[in-house]
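What follows draws every value from the coordinates through simple rules; no lab data is involved. Note that the structure is predicted; figures quoted are calculated from it, not measured. In this analysis, Cβ positions are derived from the backbone assuming ideal geometry, glycine residues included, and neighbour counts consider all displayed protein chains.
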Amino acid sequence: MNRRRFARQGLIATAVVGSLVASSLSASAADFTDYHSPQTNAAGDTVFFAGYAEGKGVELWKSDGTAAGTVLVKDIYPGVNNGLSRAYDIDEEQVNAPQFTSIGDKTFFFASSDKTGSQLWVTDGTAAGTKRLTTGGAGLRAESETAVFRGELYFTGKDETHGLELWKSDGTVAGTTLAIDVTPGVTTKGKPLHGRPSSYAVVNDTLYFGGLNAAGKPALYSTSSGASVTELTTLRNALHPGDIAQTDGSLVIHNYTTVYDTDGTAAGTIARPGIATKATGGRSVVFDGSVFYTEPNRRLWRMTGTTTTRLSTLPAQNVAIRNGVVWFTTWEMLSQDVELWTISSATAAPVRIATIGKSGNSYKSNGWVERDGQVYFWAYKSLYRSDGTPEGTIEIKDFGYPRGLESGMNPAFAGDSLVLTGVDAQGIGSMWLSDLTAEGTSIVLGTGSFSTSTPTINGSALAGSKLAGRIGAWTPAAPNFAYQWNNNGQPIPGATNKSFTVPAGITGSITFSVTASFPGYPTVTKTSAPKTIVASFTKAPVPTITGAKTIGKYLRAVPGTWSPSAKFTYQWYANGKAITSEATRSTYKVRSNNVTAKFTVKVTGTAPGYVTTSRTSAPR
């Protein structure tokens, strides 16, 4: 499997997240793994997510906010198959939609245990309590959208008799049934017409959703009983996630160029006059009586009544309400700056809070979470907190450059800990736990691994000479490097640069060590092969030649006194040209063919720990 492609394109539950492995499972850090958004259960003490384990694929995990409490719950699809997979919203960005949906002590999610495809499951956090609620094949095939309504889970399901319709579950197999056939008895070419429920919202004890009517046209529906539906109005396009904005009992529906208000009745579902927004495909929230939304070109707009006002000239994203204000981010293409903004009321202008990173890769879902008046979010390569003021916007932890490239780290609270999950530039997922301090933020699952080279040393290890360390090629390409020169295996104090000048008086060998560190990667130290330290002879005199320069007589090389004592080798020359026959001893017998030549001799001295040195005599 190409897990890098899987990590970007595979079908997955929108709010699940992946990890590499727990310590109890074998793993290969070179494997590409999948990560998604964590989802906290209703009690607020457990985060469920989908994580990769070697030999098991992407399966159901949980964390109570501690490393020891981060464990695989169940291998749903035995073998290397993936039980849980990813889904994206319409912007192809990862979001914190409630794909893990908790009702009381039951948490619902979608997973595959065989080739029948995605099914509805429920878990209480134990392997025994993790059960499939629907069947495959000719029976139900569960889709991915959900809503909590009348104490039960409502979702889009499918069977051969009804097609895609509205289903519900109380967490038991017997209580998982068709709730409403939106298009009962309607067939197309002998097959049931799918009602295709989508984009759920619950307001004032009424469930709203989009779907198809009996004529096969997009429509808006509502139900207050969970047993029958009311068609509120026809729509131009099918609804998408983000087309329904709701808060404090208000409900606004965007559908292409039309904006609707509704009170849950057909008569009370009215198109706002004079609005032409093309808002479908964006994100919207209702705040302080106005609708804030992004349209397909990603500019942020405010809609109050029938008046629309553009609030940003730059692409905007991540519109959310936290701590009683609207939060969003913008991205400037030329500078690559990502900016954090807030809006305090429907009539207030956006206020720029801080620059929170660079690069279009920051232009993703931040996964805003709030606690005790602080909003926590991920941007570019760092975890931030903000109280909505410039001075109160603080970088908690810099995770390092490559960890921010593939996707953001998605946050959720489990007890007192913040759980963060994401995918780095190599497609390797990781899970982190944070006590909301830099020192208390550490990786639990999904450690990456360096591809390394052995360092080398350029230059001669001679007293007074400069050596250059070469680190070689490393992946990722930008870890944090530290350097250390060593003498006989022991660190040389202060020798922590890439170059090193050999001081006088040291003996033995020199090595060069490179230590690479990076958040989420184990620290690695690689050391060069040793280079022997050499010294210069304190005495190395020029040799002399004695003897008569007569045919058949011997010339003798006199090396003089060297300090320390050395072992010598010789080479005789005639008129500056090396003599090739019997000319490498301390004596040389003069031949008739060179009796008139000028003779020289080169003496080379060697001794352990000293530079091999040569001296050449004057001509004779």
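Remarks
- Förster radius 25 Å - calculated FRET efficiency between Thr525 and Asp435 (Cβ-Cβ, nearest 0.05): 0.30
- Partner lysines for Lys498 [C-alpha distance under 19 Å; skip if fewer than 8 residues away on the same chain]: Lys466, Lys526, Lys531
- Exposure proxy for Leu462, Leu555, Leu153, Leu220: other Cβ atoms within 10 Å of each Cβ, ordered fewest to most, give Leu462, Leu555, Leu153, Leu220.
- Förster radius 51 Å - calculated FRET efficiency between Asn593 and Val71 (Cβ-Cβ, nearest 0.05): 0.05
- The length gained by stretching the chain between Asp114 and Asn323 to full extension, at 0.36 nm per residue less their Cα-Cα distance, is 70.9 nm.
- Ranked list, fewest to most other Cβ atoms within 10 Å of each Cβ, for Asp243, Asp114: Asp114, Asp243
- Taking label points 7 Å from Cα along the Cα-to-Cβ direction, Arg236 and Thr347 give a separation of 3.2 nm.
- At R0 = 41 Å, FRET efficiency that the Cβ-Cβ distance of Tyr554 and Lys466 yields, to 0.05: 0.35
- Relative contact order of region 496-613, defined on C-alpha pairs under 8 angstrom at six or more residues apart (%): 24 percent
- Distance in nm between pseudo-label sites at Ser536 and Phe481 (7 Å out along the Cβ direction from Cα): 3.1 nm
- Modelled label positions at Phe568 and Ser224, each set 7 Å beyond Cα in the direction of Cβ, lie 11.6 nm from each other.
- Under 27 Å of direct C-alpha separation, and excluding same-chain neighbours fewer than eight residues apart, Lys62 reaches these lysines: Lys74, Lys106, Lys115, Lys131, Lys168, Lys364, Lys381, Lys397.
- Each of the peptides 437-446, 463-472, 578-587 was scored by the mean count of other Cβ atoms within 10 Å over its residues; in descending order, highest first, they stand as 437-446, 463-472, 578-587.
- Taking packing as the residue-averaged number of other Cβ atoms within 10 angstrom, the listed peptides 115-127, 221-233 run from highest to lowest as 115-127, 221-233.
- Note: relative contact order over region 544-616, using C-alpha pairs below 8 Å and six or more positions apart, is 33 percent.
- Diffusion constant of region 544-616 at 37 °C, which comes from Stokes-Einstein with the Kirkwood Cα-pair radius and 0.692 mPa s, µm²/s: 256 µm²/s
- Between region 507-580 and region 173-220, the alpha-carbon centres lie 89 Å apart.
- Extension reserve of the Glu54-Asp105 stretch, reckoned as 0.36 nm per residue once the Cα distance is removed: 15.4 nm
- Proxy reagent accessibility, fewest Cβ within 10 Å first, across Glu370, Glu339: Glu370, Glu339
- Averaging over all projection directions, the Cα-based convex hull of region 456-532 occupies 5.1 nm² in the image plane.
- Full-extension gain in nm, Ala215 to Thr606, via 0.36 nm per residue minus C-alpha separation: 130.8 nm
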